[in-house]
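Novice: Sharing a structure here in structure tokens format.
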Amino acid sequence: MATGWVYDERYMWHDTGRSSAHNEERKWIQAWEHYENPETKRRFRNLIDVAGLLDDLAPLKPRKATEEEVLRIHADAYVERVRAMSEEEGGDAGVGSPFKRGGYEIALLAAGGTLTAVDAVLDGHVQNAYALVRPPGHHAEKDWGRGFCIFANVAVAVRHAQRVRGLERVAVVDWDVHHGNGTQHAFEDDPSVLTISLHQDRWFPRDSGMIEERGTGAGLGSNINIPLPPGSGHGAYVAAFERVVIPALRAFRPDLVMVASGFDGSMYDPLGRMMAYSETYRQMTALVMEAADSLCGGRLVLSHEGGYSPIYVPFCGLAVMEQLSGQRTIAGDPMFESASTAGGQELQAHQDAVIALAEQLLSGIPRAATATAR
Ligand SMILES: [Zn+2]
């Protein structure tokens, strides 16, 4: 079976405007493209195409999520506010989530594209799937947009998988360099959804993603944060997967694994200070696939989040798509030699210490009641 591929030119029409970086009050900064602009994603799609891989993927045409579907995660007043602003000239969905006229429909198409990918996998039409959607979703909160995100694409898809498709347990692995705060908050009191976020320690949002945030109430233990120190490279990411992420999935026994896939943990990203490279993403994909194979028939859906290096995101994305589809193209990674031999790529002692702390969370993961209850 093929790997599903969700893409739509309309995602690239989501308009974040020109930007004076992070400080909108400061007037004397020459405006530049917004970090979250279409080019990085379009180049990812184009590299998949010219590398010859696109022809072997199963194209999935995204639909718009319905209001009912996004209301499973978001507040009525928030959805209405975004809709109303979109009818006029657009605005900001919250803090740092700009959009222009018509942005509401594109945000619904981003959530809907992730739903399309989930349905295709659950229907057995594809083995696994990647949704290259825009705007991203993992920072979006119940009643406000944040960090370039409007609707929580992955969280909306998780609830769809449970409420409409009847799955009991869903796990979300977030390898974006920023904390998946929105996904954590959507499910922190819910033991049926395991959320795991690997991110750069105290980066964005600055005040969230601490290792102590383990879920609340009945959901205690169902949220795992691995706040890796800045400068973490291939060794740290792979160790975190082998020692925490994969054992956590095995303990939780999900019916579906979703990945919030950002490539801003790469060595060349302007919005992160980590050192991952294409093989890091390939290996993390391989490890998650292996776990999904043994736990839930290989049911795996990735939805695109951040990643802001127009040069390098495409090669990280290509490595993931090659791994998902079991193919190798001749495109290669022009930065591989430089990135993989850089100092500090091996697991460092202070990174090992954080991963060791996260390992202690494994015993607290909510287990499936019984084998028959699944
Ligand atoms: Zn990010």
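Novice: Given a 1.4 angstrom probe, I'd like the percentage of the accessible area of region 1-116 that is carbon and sulfur, rounded to a whole number. Please report the intermediate quantities before stating the final value.
Specialist: Values: 3100 of 6080 Å².
That fraction is 51 percent.
Novice: A further question on this structure: With an 8 Å cut-off on Cα pairs and a minimum separation of 6 or more residues, tell me the relative contact order of region 168-236 in percent.
Specialist: Details: 148 pairs, mean separation 22.4, N = 69.
Relative CO of region 168-236 lands at 32 percent.
Novice: Here's a follow-up. Placing unit charges on C-beta atoms (Lys and Arg positive, Asp and Glu negative, everything else neutral), compute the dipole magnitude of the chain about its Cα centre in debye, rounded to 20.
Specialist: Details: 35 positive and 49 negative charges, 72 e Å.
For the chain, the charge dipole is close to 340 debye.
Novice: Follow-up. GNM, the chain, Cα, under 10 Å: largest mean-square fluctuation among 258, 275, 12?
Specialist: Maximum fluctuation in the GNM of the chain, among the listed residues, is at 12.
Novice: Let me ask another. Determine Rg/Rh for region 106-253; Rg is computed over alpha-carbon atoms and Rh is the Kirkwood hydrodynamic estimate from the same atoms. All intermediate terms of the calculation are to be shown ahead of the outcome.
Specialist: Numbers: Rg = 14.9 Å, Rh = 15.7 Å.
Rounded to two decimals, Rg over Rh is 0.95.
Novice: Looking at the chain only, what percent of DSSP beta bridges run antiparallel? Nearest 5 please.
Specialist: Values: 7 of 42 bridges.
Expressed as a percentage, antiparallel bridges in the chain total about 15.
Novice: How much FRET efficiency would the formula 1/(1 + (r/R0)^6) give for residue 293 and residue 89, where r is the Cβ-Cβ distance and R0 is 41 Å, rounded to 0.05?
Specialist: Details: r = 48 Å, r/R0 = 1.17.
Approximately 0.30, to the nearest 0.05.
Novice: Then there's this: Can you find, among 267, 244, 301, the residue sitting farthest towards the positive end of the charge dipole of the chain, where Lys and Arg contribute +1 and Asp and Glu -1 at Cβ?
Specialist: 301
Novice: Also, quick follow-up: Around residue 188, under 13 Å between beta carbons, what's the net of Lys plus Arg minus Asp minus Glu among the other residues?
Specialist: Spelling it out: positives minus negatives among the neighbours equals -3.
Novice: By how many nm would the segment from residue 220 to residue 143 lengthen if fully extended, with 0.36 nm per residue of separation less the alpha-carbon distance? Before the final figure, lay out the partial values.
Specialist: Values: separation 77, 0.36 × 77 = 27.72 nm, distance 2.30 nm.
In short, 25.4 nm is gained.
Novice: GNM on the chain, C-alpha springs below 10 Å: top fluctuator among 318, 249, 220?
Specialist: Comparing 318, 249, 220 in the GNM, the peak value goes to 220.
Novice: So what is the diffusion coefficient of the chain in µm² per second by Stokes-Einstein at 37 °C and 0.692 mPa s, using a Kirkwood Rh over Cα pairs? Present the calculation step by step, with values, prior to reporting the outcome.
Specialist: On the way: Rh = 20.3 Å.
So the translational diffusion coefficient is about 162 µm²/s.
Novice: Place a label point 7 angstrom from the Cα of residue 311 along the Cα-to-Cβ direction, then list the residues of region 32-55 whose backbone nitrogen is under 19 Å away.
Specialist: Answer for region 32-55: 33-48.
Novice: Using the beta-carbon distance between residue 286 and residue 46 and R0 = 35 Å, what value does 1/(1 + (r/R0)^6) give for FRET efficiency, to the nearest 0.05? Mind showing how you got there, number by number?
Specialist: On the way: r = 24 Å, r/R0 = 0.70.
With R0 = 35 Å, the Cβ-Cβ based efficiency is 0.90.
Novice: Heavy-atom accessible area per residue, the chain, 1.4 Å probe: how many Å²?
Specialist: On the way: 14400 Å² over 374 residues.
Per-residue accessible area for the chain comes out at 39 Å².
Novice: Find the relative contact order for the chain and round it to a whole percent, using C-alpha pairs within less than 8 Å whose residues are 6+ positions apart.
Specialist: Numbers: 864 pairs, mean separation 66.6, N = 374.
With pairs under 8 Å counted, the relative contact order is 18 percent.
Novice: While we're here: Rounded to the nearest 0.05, what FRET efficiency do residue 125 and residue 206 have when you use their Cβ-Cβ distance and R0 = 45 Å?
Specialist: Working: r = 41 Å, r/R0 = 0.92.
For residue 125 and residue 206, the calculated efficiency is 0.60.
Novice: Take residue 338, project a point 7 Å from its Cα along the Cβ direction, then tell me which residues of region 250-286 have their backbone nitrogen under 19 Å from it.
Specialist: 263-281
Novice: Further question: Select from 261, 303, 340 the residue whose mean-square fluctuation is largest in a Gaussian network model of the chain (Cα-Cα springs shorter than 10 Å).
Specialist: Taking springs between Cα atoms under 10 Å, the residue moving most is 340.
Novice: With point charges of +1 on the Cβ of Lys and Arg and -1 on the Cβ of Asp and Glu, referenced to the Cα centre of the chain, which listed residue (316, 157, 109) lies farthest in the positive direction of the dipole?
Specialist: 157
The values are calculated or read from the model by the stated rules, or taken from the named source; none is laboratory data. The model shown is predicted, which means the values in this text are computed figures rather than measured ones. With ideal geometry, Cβ positions are generated from the backbone for all residues, glycine too; neighbour counts draw on all protein chains shown. The area values use the complete protein model at the heavy-atom level, side chains included, leaving out ligands, DNA and RNA. Shrake-Rupley method; radii C 1.70, N 1.55, O 1.52, S 1.80 Å.
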